[in-house]
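The values are calculated or read from the model by the stated rules, or taken from the named source; none is laboratory data. Just so you know, these numbers come straight off a predicted model, no measurement behind them. As a convention, Cβ positions derive from the backbone with ideal geometry for all residues, glycine included, and neighbour counts pool all protein chains shown. All accessible areas refer to the heavy atoms of the entire protein, side chains included, with ligands and DNA or RNA removed. Shrake-Rupley method; radii C 1.70, N 1.55, O 1.52, S 1.80 Å.
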Amino acid sequence: MTRPYSVDLRERMVRAVEAGASRRATAAKFEVSPSCVVKLVQRWRQRGTLEPEPVRGGRRAKLADHAERVQALLAATPDSTIAELKTRLAAEGIEVSPSAISRFIIACGLTRKKRPRTPPSRTAPMSPRPGARGARSSRR
């Protein structure tokens, strides 16, 4: 994440605009975007301050309060998919989206299956049958 411009630079930009320079010329002089200068001057005139807003953190995960429960569900059935996990959480009254579950699991460093298990093939043999190709028959 980028840092806010220093208060010193902000003051110099506002002073340049108040001295009569255009906002675009000031932006070119200080190598910032014109919108930065426009917003900075608006901030100065409306609030009387040039201090940057405090940097805020990201959103808190909806499942943060239920971390132990999610981990217990994954420990009990490690091959469950996101959809199955969503269904189990909904049964317990915890309504979240599949993407929220995915982000939470990744943030916790846990793993998950991406697809449900596929049923075994009905056409592919599981073991060689007697008399199959390659096997020698006792009859000739």
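Looking only at helices (runs of 4 or more DSSP H) that fall completely inside the stretch 1-64, which ones have 1 or more residues that are under 30 Å from the mean Cα position of the chain (by Cα) and surrounded by fewer than 15 Cβ atoms within 10 Å (Cβ to Cβ)?
Those helices (runs of 4 or more DSSP H) span 34-47.
Quick one: is Ile101 in a helix (DSSP H, G or I), farther than 15 Å from Arg10 by Cβ, open to solvent by less than 90 Å² (accessible area, probe 1.4 Å) and among the β-branched types (Val, Ile, Thr)?
Yes: the conditions hold for Ile101.
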